[in-house]
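Here is the structure we will look at, set down as structure tokens.
The values are calculated or read from the model by the stated rules, or taken from the named source; none is laboratory data. Given the structure is predicted, the values throughout are model-derived calculations rather than measurements. No Cβ is skipped: glycine too gets one built from the backbone with ideal geometry, and neighbour counts run over all protein chains shown.
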């Protein structure tokens, strides 16, 4: 058998190169398979992380919104409480001021009774109108049923003309401010007829 010719050598080399190339491709495919699988898994993993992050942010947002609502409710309650306390404070201050004015008014009214002076009477009437404009009103007494919320009984007397528990005389005037008693009236109350005629008017 003679030495191989050049054609046979070329054919053998091509076969060898083909074999090496196929093996190389096989090795490359085997090495790249995990990488390809990893590349397919990475987008899914990133998407899951994003969804978890979004869920976490939504939960934080909900918690902040709930906190804001609680703070707003607390502030509204605080504002209403402050308004109520301020209104009560102003009402008490006004009441104290009007009580001082009422004392002056009563002294002026007593002076008018003692001295029939036209000038004093005009001042008294003007003073009374000013008090009425502020919501001050005299508490009804004589002929009214005794009311412990408006009247202070200083004495009781027998009175055939009045039912038991009826106010028969006023000792000192009482006043209310916007339907709230600021100064009770001092009165004398009927005990009725001690001989059984207390139902007679």
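Which one is nearest to residue 94 (Cα to Cα) among residues in region 143-178 that are in contact (Cβ under 8 Å) with a residue 24 or more places away in the chain, under 36 Å from the mean Cα position of the chain (by Cα) and surrounded by fewer than 13 Cβ atoms within 10 Å (Cβ to Cβ)?
178
Identify, from the list 44, 109, the residue that is more than 25 Å from residue 150 (Cβ to Cβ) and in a helix (DSSP H, G or I).
Working: 109 fails: more than 25 Å from residue 150 (Cβ to Cβ).
Step by step, each of 44, 109 is checked, and only 44 is more than 25 Å from residue 150 (Cβ to Cβ) and in a helix (DSSP H, G or I).
Only one of 85, 133 is more than 29 Å from residue 169 (Cβ to Cβ), modelled with pLDDT of 90 or more and exposed (fewer than 10 other Cβ atoms within 10 Å of the Cβ). Can you tell me which?
Values: 85 fails: exposed (fewer than 10 other Cβ atoms within 10 Å of the Cβ).
It is 133.
Give me the pairs: first residue in region 94-108 and without any contact (Cβ under 8 Å) to a residue 60 or more places away in the chain, second residue surrounded by 14 or more Cβ atoms within 10 Å (Cβ to Cβ) and assigned to a helix (DSSP H, G or I), beta-carbon distance under 6 Å, and six or more apart or on different chains, which are they?
Taking only residues 6 or more apart or on different chains, the pairs are 105/127; 108/124.
Determine whether region 52-68 contains at least one residue that is farther than 30 Å from residue 134 by Cβ, modelled with pLDDT of 85 or more, part of a helix (DSSP H, G or I) and over 36 Å from the mean Cα position of the chain (by Cα). Show your work before the answer.
Within region 52-68, the first condition is being farther than 30 Å from residue 134 by Cβ, and the residues that meet it are 52-68.
Right, trim to modelled with pLDDT of 85 or more and you get 52-68.
Imposing the further condition that a residue be part of a helix (DSSP H, G or I) reduces the set to 52-68.
The next check asks that each one be over 36 Å from the mean Cα position of the chain (by Cα); those that pass are 52-53.
Yes, because at least one residue in region 52-68 is farther than 30 Å from residue 134 by Cβ, modelled with pLDDT of 85 or more, part of a helix (DSSP H, G or I) and over 36 Å from the mean Cα position of the chain (by Cα).
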